[in-house]
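Okay, structure first, notes after.
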C-alpha cells in the first residue's frame, strides 16, 4: 500500500515544495509508504500502482495547474480514494466542468460539518489559503462549509474528496483518516 | 524569480534564505526593527547585527523601524516590502515561519495586496531536525534571548551544537518548551552560515537578565575572514 502525493506547484522541485508537499508526506508517512510525483510528469497509467492519491495545495499566486486540466482527466475514471487539497479541490471541480468563484481567505477559519463523513465531524478550526472557492457539480455532495464558502465535497458514488482548507497545517488527523479509509489499517 | 527575504538575523530566517537561494534569486533582505520587545511579529535581540549579516552575505538590506504596536507594525512591514519591490524588483517574499499561522497569514495578506508571491520554506519542519540541519550545515548560531522557565542566563551566548540540541529536546519533554523556540522561548543570532562570505566576531557583549528572561546583547561586532 502506497499513497501518491501529487505535487501541484508550478514546477517540479520548487521553493513551495517544502511548504505544500512535505507537510502532507510528514503526516501520512508514519502510517504508510508515500511517493511524490509532480503533476506534469504523472502518467495516468501510474495511478493503478497506488492505494490512495492526494493532490497538494499551491501558493496563493500559483494557478498554473488550471492551464493543465488535460493532465487531470484521469480523475474522472479513478475509483481509488482521492483527496484534493485547495488547488486539488479546485482541480477536481474544474475536471467535472464546474466553475470557481473569487473568494479569498487567509488564516484560521471556522469550518462546520454539514454531512457525516469518515474524515471529520462537528465544527473545527482549519487553515485557509485560497483565492477561489468551488461550487461542485451535482455529482458531488457538500460535506462542510465556512461562513464564506463550501469547504469540503465528496463524489456521491466514489471516494473522491475535496477540501478547500489545508488539513496538513492544523488538522493532520484528517489526512490520517483519509489514508486509513478503505485500506484496512 | 527575484525574492526578498524577511530577515531577522536569527536561525530561521537565515535558513529560509539559504533554501530560497538554492531555488531562486535572492535580491535583498528586509529587516523590521521593532522597538517593542514583546512584538509577536518581529524577532528583537540583536536585530542591529542584521547590517553586518547583510554585508557578510553580500546582499542589500531594506531596513525600517517600527514602534511595534500590533497592527501599525504590519503597516510598517508593508512599506518595507513595497520599498523592496520598487528598489529591487522582487516578485516574492520569503519568511522563516515554521508554525506561526499568525505571522505567515499576516505576511501573506501584505504580499497579496502588493501582488507578490509568498513562501515559507521551513513551514511545519520538525523542530529537532531544523536544529540538526543548522549543525550539519555548519551554521554558527548563538542563543541571544531566553524567555521561558527553566531557561536561565547560562543559556545566553551559547552556540547551538549537538549537546545544546539534546538538552533542549529534553526540556521539551519535561516543560513543553519548543526546542527551536517556536513559542518564543528562545531567540537566536547567526554569526556564520554557508552563504556568509565573512563571519561575525563578537568583540563586546553583555548579558541582561530581568525576572525570568534575558538577552545576550551584542554591543560590538565585526566581520572577519572565514
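Taking residue A:61 as the residue in question, decide whether it is within 14 Å of chain B (Cβ to nearest Cβ), farther than 14 Å from residue A:5 by Cα and surrounded by fewer than 19 Cβ atoms within 10 Å (Cβ to Cβ).
The answer is yes for residue A:61.
Considering the stretch B:97-123 alone, what residues qualify as being assigned to a loop (DSSP other than H, G, I, E, B) and either at pLDDT 95 or above or at the interface with chain A (Cβ under 10 Å from one of its Cβ atoms) (or both)?
Matches in the stretch B:97-123: B:97, B:99, B:114, B:115, B:116, B:120, B:121, B:122, B:123.
Report the residue count in the stretch B:139-155 for those that are in a loop (DSSP other than H, G, I, E, B) and modelled with pLDDT of 95 or more. Talk me through it step by step, then tell me what you get.
So in the stretch B:139-155, the residues in a loop (DSSP other than H, G, I, E, B) come out as B:139, B:147-152.
Filter once more, keeping what is modelled with pLDDT of 95 or more: B:139.
Total satisfying the criteria: 1.
Scan the stretch B:14-40 residue by residue and report those that are under 22 Å from residue B:52 (Cβ atoms) and at pLDDT below 95.
B:31, B:32, B:33, B:34, B:35, B:37, B:39
Just a yes or no: is a residue in the stretch B:81-92 within 11 Å of chain A (Cβ to nearest Cβ) and outside any loop (DSSP other than H, G, I, E, B)?
yes
Counting just the residues of the stretch A:72-95 that are outside any helix (DSSP H, G or I) and within 15 Å of the chain's Cα centre (by Cα), which one comes out nearest to residue B:105 (Cα to Cα)?
Here the answer is A:86.
Here is a yes/no grid of residues against (1) closer than 18 Å to residue A:75 by Cβ; (2) in a helix (DSSP H, G or I):
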| site | (1), (2) |
| --- | --- |
| A:133 | no, no |
| A:137 | yes, no |
| A:143 | yes, no |
| A:148 | no, no |
| A:153 | yes, no |
| A:169 | no, yes |
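Looking for something within 22 Å of residue B:91 (Cα to Cα), in a loop (DSSP other than H, G, I, E, B) and in contact (Cβ under 8 Å) with a residue 12 or more places away in the chain - is there at least one such residue anywhere in the stretch A:44-58?
The answer is yes; a qualifying residue exists.
Please enumerate the residues belonging to the stretch A:15-35 that are facing chain B (nearest Cβ under 7 Å), in contact (Cβ under 8 Å) with a residue 40 or more places away in the chain and crowded, with 23+ Cβ neighbours inside 10 Å.
A:16, A:19
The values are calculated or read from the model by the stated rules, or taken from the named source; none is laboratory data. None of the values given here were measured: they were computed from a predicted structure. All Cβ positions, glycine included, derive from the backbone under ideal geometry; neighbour counts span all protein chains shown.
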